[in-house]
1. Expressed as a fraction of 2.2 N^0.38 Å, the rule-of-thumb size for a compact globular protein of N residues, what is the C-alpha radius of gyration of region 218-330?
2. Apply 1/(1 + (r/R0)^6) to the Cβ-Cβ distance of THR232 and GLU61, taking R0 = 56 Å, and write down the FRET efficiency to the nearest 0.05.
3. In whole Å, what is the distance between the alpha-carbon centres of region 43-84 and region 286-308?
4. When the chain is fully extended, how far beyond the present Cα-Cα distance does ARG224 get from ASP150, taking 0.36 nm per residue of separation?
5. Hey, which lysines would be in cross-link range of LYS234, C-alpha to C-alpha under 19 Å, not counting anything within fewer than 8 residues on its own chain?
6. Give me, ordered by chain and number, the residues 5 or more places off ILE6 or on other chains with an amide H under 5 Å from its own placed amide H.
7. May I ask for the Rg/Rh ratio of region 283-339, computed from Cα atoms with Rh as the Kirkwood radius, given to two decimals?
8. When the gyration tensor of region 42-164 is built from Cα positions, what are the square roots of 5 times its three eigenvalues, in whole Å, from largest to smallest?
Amino acid sequence: MRVLAIESSCDETAAAVYSSQGGLLSHVVLGQQAAHERFGGVVPEHASREHIAKGLPLLREALAQAKLTPKDIDAVAYTAGPGLVGALLVGATLGKGLACALEIPSLPIHHLEGHLLAPFLENPDLKFPFLALQVSGGHTLIIHARALGDYVILGESVDDAAGEAFDKTARLLGLPYPGGPHLARLALEGNSNSFTFPRPMYRSKDLNLSFSGLKTHVAQLVARLPQPLTATLKADIACAFEDAVVDCLVHKTLLAREKTGSTQLIVAGGVGANQKLRDTLKATAQAKGFEVFYPAPWLCTDNAAMIAYAGYQRFIAGATSDLRMGIKPRWPITSLSAP
Ligand code: KG4
Ligand code: ZN
């Protein structure tokens, strides 16, 4: 079985083909940084227009790279939510239109379920149940994934998502958007001992997190320091910020692991590409005797390979075509069920 997928929930247009026989046959992603950079964040209307321009050419490209024609496809998966209304509409319309024309099933996919299942593409040994740390620009969630469609949120950020905090802090340091990777690169040159930032909610009894105060802390610190900031100061701030975020994420993830007794942890979403987070969790997992799975960095950020794979898993579990389903810009992952 071959599934063609399109992902267009935010500011990446992506297409991919997954095959039950050959695995991932192709995947292509086009970012929209150039369209949003000067605004310092994603402009929804621009995002929709970019998806309109790039969606169909990318689907063609994914088919060409897989050396397939539309007739070779058995189902089309698309991201139905959560995400930006206009952006989702473009992908959903393309996906459903294509499925309709080819008379094959169309499969609406939850973006976060895609992120959660992405590590399976590289680790066929991974099995439910597992613990997942989902850290992206829009979400920071600690999830107990008990089975396909059965997800319990154990903890989440009560304000900014971790990626959002990275991006906003990067902006305060004058770095380009999206700032996460730039800030992480800068932090490599910083000295961990120059500043110590607060760890919001570190001692709270629940598994929730908070990052907006950290960003405010940086804003206040920057305002007190002589301007313009030296390169050394910027690097030290980046380092202290990254240390604080990583520390909080690792601490609450470990508490969640103790609570669930999980032996497998997966880290998903764009911030999962952060090397300090990866190194710290890897060392902790070794010390505490559990396994941690990271998708390759390209699989952590938004892509259609995860949507194609989720579509395939849902289809073989019994999901049927649903042309009537609209998009769901707000769609709690806990409302999903097994097909
Ligand atoms: O999952 P994703 O591609 O998109 C969604 O938000 O769904 O995540 C994007 C986020 C952005 O906030 C970006 O700055 C952050 O992931 N990010 C990073 C790194 N790479 C991407 N944050 C910290 N360190 C990184 N290396
Ligand atoms: Zn995402």
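Each reported figure results from applying straightforward, stated rules to the coordinates on display, with no laboratory input. Fair warning: this is a prediction, and the values are worked out from it, not measured in the lab. Cβ atoms come from the backbone with ideal geometry, glycine included; neighbour counts cover every protein chain shown.
1. So region 218-330 has a normalised radius of gyration of 1.49.
2. It comes out at approximately 0.80.
3. Region 43-84 and region 286-308 have Cα centres spaced 22 Å from each other.
4. Result for the pair: 21.9 nm of gain on full extension.
5. LYS168, LYS215, LYS276
6. For ILE6, the qualifying residues are ALA77, TYR78, THR79.
7. With Rh from the inverse mean 1/r over Cα pairs, Rg/Rh is 1.09.
8. Square roots of five times the eigenvalues give 28, 20, 12 Å.
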